[in-house]
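Comments concern the structure below.
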Amino acid sequence: FAASSLFEARLASKVADGRGSVHLTTPGIRPGEIGEIASLCDYVSFNSLTQWDMYRDKVSPHASCGLRVNPQLSFLDDERYDPCRPQSKLGVPLDDLTRVMERDPGRLSGVDGIHVHSNCDSTDFGEMRATVRQLDANVAPLLQTSQWINLGGGYLFEESMNLEPLRETIEFLRSSYGLQVFIEPG
């Protein structure tokens, strides 16, 4: 289950009843909620380096921690729905992440995964493939040390869709990096 709040994490944990995993992907975490989030979630994607610095030690003993990355690659014309728009607060901008990797790589020690969400209402998995290529070109060392990647959502599955780019993208991530791949509902 992909949960975007503590409330959803509670619900997902109850529904899963130990038969699945819960992945928290919310951009906002309240300090008073972090303990319960850690106890309910199997995966937690932090939205910023500040969140990572503040909460990783409180969550990591219980859940696998990752970072949401803004790949700075937009596919939407309407900025209201574009998670990668200029000045977006959704994820660590790729430029910032590459600087941290160069100047202070120890700061990322313990990052188990990457969450990326770069689309809304798309039927083109070629855009997902382009996003993964962007990550591969810029943060390959982080992908090499990660265990998982959450490719986000925003994709509409329709009967006539070409699923080949989706298959190729997942196969690339598995074969090149050995990553477990998650996709959120569209």
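Scan region 32-50 for residues that are outside any loop (DSSP other than H, G, I, E, B) and either out of contact with any helix residue (DSSP H, G or I) (no Cβ under 8 Å at 6 or more places or on another chain) or among the small types (Gly, Ala, Ser) (or both) and report the count.
As a first pass, look at region 32-50 and keep what is outside any loop (DSSP other than H, G, I, E, B): 32-40, 43-46, 49-50.
Checking which are either out of contact with any helix residue (DSSP H, G or I) (no Cβ under 8 Å at 6 or more places or on another chain) or among the small types (Gly, Ala, Ser) (or both) leaves us with 32, 35, 38-39, 43, 45, 50.
Going through region 32-50 one residue at a time, the tally reaches 7.
Can you find, within region 51-75, the residue that is least open to solvent (accessible area, probe 1.4 Å) among those that are in a loop (DSSP other than H, G, I, E, B) and under 13 Å from residue 152 (Cβ atoms)? For region 51-75, the residue satisfying everything is 71. Scanning region 112-160 for residues that are open to solvent by less than 10 Å² (accessible area, probe 1.4 Å), part of a helix (DSSP H, G or I) and touching a Ser or Thr at 6+ places or on another chain (Cβ under 7 Å) turns up 128, 131, 132, 139. Can you find, within region 1-36, the residue that is farthest from residue 68 (Cα to Cα) among those that are in contact with a Phe, Trp or Tyr (Cβ under 9 Å, 6 or more places away or on another chain) and of a type in the set (Gly, Ala, Ser)? Here the residue is 16. Within region 161-186, the residues that satisfy the criterion of being open to solvent by less than 70 Å² (accessible area, probe 1.4 Å), within 26 Å of residue 12 (Cβ to Cβ) and part of a helix (DSSP H, G or I) are 166, 169, 170, 173. In this structure, residue 44 qualifies as touching a Leu at 6+ places or on another chain (Cβ under 6 Å) and aliphatic (A, V, I, L, M).
Restricting attention to region 84-111 and to residues that are assigned to a loop (DSSP other than H, G, I, E, B) and free of Cβ contacts under 8 Å to residues at least 40 places away in the same chain, the residue that is most open to solvent (accessible area, probe 1.4 Å) turns out to be 87. Scanning region 1-17 for residues that are open to solvent by less than 80 Å² (accessible area, probe 1.4 Å) and not in a helix (DSSP H, G or I) yields 2, 3, 4, 5.
Based on what the data block shows, is residue 129 out of contact with any helix residue (DSSP H, G or I) (no Cβ under 8 Å at 6 or more places or on another chain) and among the basic types (Lys, Arg)? Judged against the criteria, residue 129 is not a match.
For region 80-95, the set of residues classified as on the phi > 0 side of the Ramachandran plot and small (Gly, Ala, Ser) consists of 91 only. Pairs are defined by a Cβ separation below 8 Å, a sequence spacing of at least 6 or placement on different chains, a first member in region 152-177 that is among the aromatic types (Phe, Trp, Tyr), and a second member that is part of a loop (DSSP other than H, G, I, E, B) and open to solvent by less than 80 Å² (accessible area, probe 1.4 Å); the pairs so defined are 155/119; 155/123; 155/125; 155/183; 155/186; 157/186; 177/146.
The values are calculated or read from the model by the stated rules, or taken from the named source; none is laboratory data. Just so it is clear, the model here is predicted, and its values are computed rather than measured. Neighbour counts are summed over all protein chains in view; Cβ atoms, including those assigned to glycine, are modelled from backbone coordinates with ideal geometry. Side chains included, ligands, DNA and RNA excluded: accessible areas come from the protein's heavy atoms. Shrake-Rupley method; radii C 1.70, N 1.55, O 1.52, S 1.80 Å.
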